[in-house]
Amino acid sequence: MAIKLFKKAALKKWVDSLIAGGRVFGVQAKGERFAFGPLEKAADLRLDYDVTILPPKKYLQPQTEDLVKFSKGGGYESVIDSEPFVLLGVHPYDMAAINQMDAIFLKDGEVDTHYKARREAATIVACDVESPSENVFAGCMGTAVVDKGYDVLVTAVDGGYVVETASPRGEKLLAAAGEVPDASKKDMKKRKAVQEKNRKRLRKHELKGEPLGLPCLLGKSENHPVWEEKARLCYSCGSCNLVCPTCYCFDVQDDTDWTLESGRRYRVWDACLLADFAAVAGGHNFRKERAARFRHRYYRKGKYIPEKIGEIACVGCGRCITACTAKIANPVEVYNRLTEGC
Amino acid sequence: MSKPRLAIFDFACCEGCQLQIVNLEEEILDLISLVDPVEWREAISDQSDTYDIAIVEGSITRPEDEERVKKIRERSKVLIALGACAAIGGVNKLKNNFDMDDVKKCVYGKDADLPHLNTAMTKAVDEVVPVDFYVHGCPIDRDEFKHVVKSVALGKKPNIPVYPVCVECKLRENVCRYEFNELCLGPITRAGCGARCPSNGSWCFGCRGLAPDPNVDAAKEVMDKYKKTVDDLRDRILLFNSKQEHADV
């Protein structure tokens with residue numbers, strides 16, 4: 001696989017050629033924050049962003065996604081979106097989250113057809129973090145740097161961008177750039193230094209203990225007072241879930257047209273902090289209390305998903321910390337409280 | 001199967017929610033392919049004695065209104081409260097914060113005692129008669145109205161959010177209004193509008209009413225984090241949610 005050094009102008013030219021060639025979503029400014037959106041020109045791309053409001057999972061599992069069209073009499077047809085697209089500027093922690101979603105949705109025998117189609121249609125250009133966000137703690141979670149999942153990795157270094165391809169699809173994408181010099185040993189050293197630095201500086205909150213100790217810690221923390229203490233201020237608004245790159249729960253709903261004879265079945269993002277998340281027929285609710293829902297999220301991230309896929313389902317992006325209006329959703333704060341005991 | 005007979009009635013309100021139905025424009029034809037409108041002052045001149053679905057817009061503010069809405073209820077199989085005034089009392093309930101005589105004098109001056117200007121405490125429709133379904137908001141969201149009507153026609157329970165507006169703000173990737181140092185009622189207000197105000201640069205006014213089991217205590221405590229006071233919160237809640245359950249902060 002190739003490793004090139006792009007000057008700023010060459011990178012811009014490359015991105016513009018990608019835009020000319022098809023659907024490209026990239027990170028852009030949204031007021032004083034950042035968001036992934038359809039990219040119209042390379043000049044709008046902000047690889048120096050700190051964090052996006054929503055993670056790029058919205059392109060693999062959109063907020064609202066049609067699954068099936070149906071009609072009276074039993075006719076139905078799956079809706080599959082397989083139009084190719086390029087995702088530009090995915091940070092390592094978000095790439096790590098996508099790798100986790102792959103483990104869940106593409107697991108042998110449990111493949112989610114809709115996710116699979118979008119994932120296969122995606123060419124992912126990851127980029128190392130240039131500007132750490134105010135609440136990032138990826139350094140503590142082992143996700144400050146990523147080594148798999150992407151097709152291309154871009155790292156801003158002094159004097160340009162080191163661009164590495166990691167798949168045939170990435171190679172093809174890079175071919176659109178034309179003649180670009182190979183990265184020198186010195187450039188590679190610079191990239192390594194950036195990544196080493198990121199491992200150390202993406203730690204705005206410091207997790208005590210190793211992440212992989214969390215399942216055991218949670219195993220004995222069910223009755224810890226922190227759940228009640230924090231949940232007291234919980235709005236049950238699900239913001240912490242909705243901005244999370246590893247949250248993938250969804251609700252399935254139907255909508256009919258005016259004839260009531262045909263319609264669509266679609267899924268929308270759900271959130272385990274919402275009051276009716278665990279409500280079932282007959283009016284029973286498995287997690288009726290705020291504290292039960294609040295606790296569940298930490299168990300899901302720190303115990304239940306790790307037991308399924310062997311990785312902690314928190315990648316340290318810090319979005320939940322920022323998004324929580326009541327400021328009770330900091331995973332590091334909660335897990336550290338558990339480490340300290342009651 | 002014959003089409004359900006639909007009637008629309010207005011009480012104390014601006015009739016803007018009915019206007020949202022009229023604003024369905026070409027979809028009105030779809031609506032009347034599904035239901036048979038038999039009484040609807042804003043759009044047709046017919047009147048009827050019985051209906052399968054009654055849609056009631058506006059608040060109940062006079063004794064004679066109570067009698068009228070009770071009769072509507074008797075004549076209908078399903079009753080839907082349309083818009084904030086009908087569903088929660090909304091802006092009209094501001095009045096309930098004051099003495100009724102003072103209210104009358106303030107509004108009508110020397111004519112306050114004329115019999116046809118008599119007024120009472122504002123009630124939401126369900127404070128007078130049972131309501132089967134609600135279309136919340138000021139004004140209503142047309143898509144939600146369509147969803148409720150289609151659900152009723154299908155004999156299905158409409159799916160009306162019980163979660164706060166924050167959910168829809170996040171789905172639309174809005175920057176939180178609190179980051180703009182604004183006091184937004186989104187965290188305690190029932191969603192379903194698609195976070196329309198925050199998506200268009202304003203804080204949430206709470207027009208859809210408080211979400212079921214809103215954490216108002218949290219809202220009070222959170223004010224301090226954003227250099228706002230409980231008085232600020234109370235002022236903002238009063239506009240659409242005066243005299244509501246949980247709204248007494």
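Taken together, the values in this text are just the output of simple stated rules run on the coordinates, not laboratory data. Quick caveat: nothing in here was measured; it's all calculated off a predicted structure. No Cβ is skipped: glycine too gets one built from the backbone with ideal geometry, and neighbour counts run over all protein chains shown.
Averaged over B:172-179, how many beta carbons belonging to a partner chain fall within 10 Å of each residue's beta carbon?
Mean shielding count: 5.
When a footprinting reagent is the concern and you count Cβ atoms within 10 Å, what order do A:Thr339, A:Thr165 take, fewest first?
Exposure proxy ranking, most exposed first: A:Thr339, A:Thr165.
A:Arg264 to B:Leu19: FRET efficiency via 1/(1 + (r/R0)^6), r the Cβ-Cβ distance, R0 25 Å, to the nearest 0.05?
0.30
How crowded by other chains is B:213-219, given as the mean number of beta carbons from other chains within 10 Å of each beta carbon?
5
Among B:Lys123, B:Lys105, rank each residue by its count of other Cβ atoms within 10 Å, from fewest to most, as a rough exposure measure.
Ranking B:Lys123, B:Lys105 by Cβ neighbours within 10 Å, fewest first, gives B:Lys105, B:Lys123.
Looking only at A:His224, A:His284, A:His91, which one moves most when chain A is put into a Gaussian network model with springs between Cα atoms under 10 Å?
Most flexible of the set in this elastic network: A:His284.
Cα to Cα, under 15 Å, and not fewer than 8 places away if on the same chain: which aspartates and glutamates meet these conditions relative to A:Lys41?
Within the straight-line cut-off, A:Lys41 pairs with A:Asp16.
Within the range B:127-154, list the residues whose amide N lies under 17 Å from a label point set 7 Å along Cα→Cβ of B:Asp30.
Only B:141-154 fall inside the zone, counting backbone N under 17 Å.
What are the principal axis extents of the Cα atoms in the range A:211-338, in Å, biggest first?
Rounded to whole Å, the extents work out to 56, 29, 27 Å.
I'd like the FRET efficiency for A:Ser17 and A:Asp182, computed as 1/(1 + (r/R0)^6) with the beta carbon distance as r and R0 of 25 Å, rounded to 0.05.
Taking R0 as 25 Å, the efficiency between A:Ser17 and A:Asp182 is 0.80.
Nearest 5 is fine: what % of DSSP beta bridges in the range A:108-219 come out antiparallel, could you say?
65 percent
Determine the shielding of peptide A:58-64 by partner chains: average, over its residues, the number of Cβ atoms on other chains within 10 angstrom of each Cβ.
1
What is the ratio of the Cα radius of gyration of chain A to 2.2 N^0.38 Å, where N is its residue count, to two decimals?
Compactness ratio reported: 1.06.
Test of understanding: ordering B:Ile55, A:Ile80, A:Ile53, A:Ile312 by Cβ neighbours within 10 Å, fewest first, what list do you get?
A:Ile80, A:Ile53, A:Ile312, B:Ile55
Kindly rank A:179-188, A:239-248 from highest to lowest mean number of other beta carbons found within 10 Å of each residue.
Highest to lowest by the protection proxy: A:239-248, A:179-188.
Suppose every Lys and Arg Cβ carries +1 and every Asp and Glu Cβ carries -1, with no other charges. What dipole size does the range A:211-338 come out with about its Cα centre, to the nearest 20 debye?
It works out to roughly 560 debye.
Taking the square root of 5 times each eigenvalue of the Cα gyration tensor, what semi-axes in Å does the equivalent ellipsoid of chain B have, largest first?
Equivalent-ellipsoid dimensions as semi-axes: 31, 25, 14 Å.
Report the label-to-label distance for B:Ser202 and A:Asp276 in nanometres (one decimal), using points 7 Å from each Cα along the Cα→Cβ vector.
2.6 nm
Considering only B:Ile44, B:Ile32, B:Gly83, whose Cα is most displaced toward the positive end of the charge dipole of chain B, charges sitting on Cβ of Lys, Arg (+1) and Asp, Glu (-1)?
The Cα lying farthest towards the positive end belongs to B:Gly83.
Normalised radius of gyration for the range A:3-201, please: alpha carbon Rg relative to 2.2 N^0.38 Å, two decimal places.
So the range A:3-201 has a normalised radius of gyration of 1.08.
In angstroms, what radius of gyration and Dmax does the protein assembly as shown have, counting Cα atoms only?
27.4, 93
Could you tell me the calculated FRET efficiency between A:Glu228 and B:Phe98, based on Cβ-Cβ distance and R0 = 35 angstrom, to the nearest 0.05?
The computed FRET efficiency comes out at 0.30.
Just report the Cα centroid separation between the range A:20-39 and the range B:1-52, whole Å.
If you average the Cα positions of each part, the centres end up 43 Å apart.
Rounded, prolate or oblate: which one fits the range A:184-277, using the alpha carbon gyration tensor with axes a ≥ b ≥ c (rounded when a/c is under 1.5, else prolate when a/b beats b/c, else oblate)?
Oblate shape, in that a/c is at least 1.5 and b/c is the bigger or equal ratio.
Taking every DSSP beta bridge with both residues inside chain A, roughly what % is antiparallel (nearest 5)?
75 percent
Would you mind checking the pairs A:Lys72/B:Lys146; A:Lys288/B:Lys243; A:Lys204/B:Lys170; A:Lys172/B:Lys170 and listing those with alpha carbons more than 29 angstrom apart?
A:Lys172/B:Lys170
Among the DSSP beta bridges whose two residues both lie in chain B, what percent are antiparallel, rounded to the nearest 5?
For chain B, the DSSP antiparallel bridge percentage is about 20.
Which value, in debye to the nearest 20, gives the size of the charge dipole of the protein assembly as shown about its Cα centre, when Lys and Arg are +1 and Asp and Glu are -1 at the Cβ?
2320 debye
Counting only helical runs of four or more DSSP H residues, what would the 222 nm mean residue ellipticity of chain A come to if each run contributes -39,500 (n - 2.57) and the total is spread over all its residues?
-9000 deg cm²/dmol
Given the C-alpha atoms of the range B:5-153, compute the convex hull and give its volume per residue in Å³.
Per residue, the Cα convex hull of the range B:5-153 comes to 107 Å³.
Which one of A:Leu260, A:Gly310, B:Phe180 has its Cα pushed farthest toward the positive end of the charge dipole of the protein assembly as shown, where Lys and Arg give +1 and Asp and Glu give -1 at the Cβ?
Looking along the dipole axis, the top candidate is A:Gly310.
If you take the Cα atoms of the range B:1-53, find Rg, then find the Kirkwood Rh from the mean of 1/r over all pairs, what is Rg/Rh?
A ratio of 0.96.
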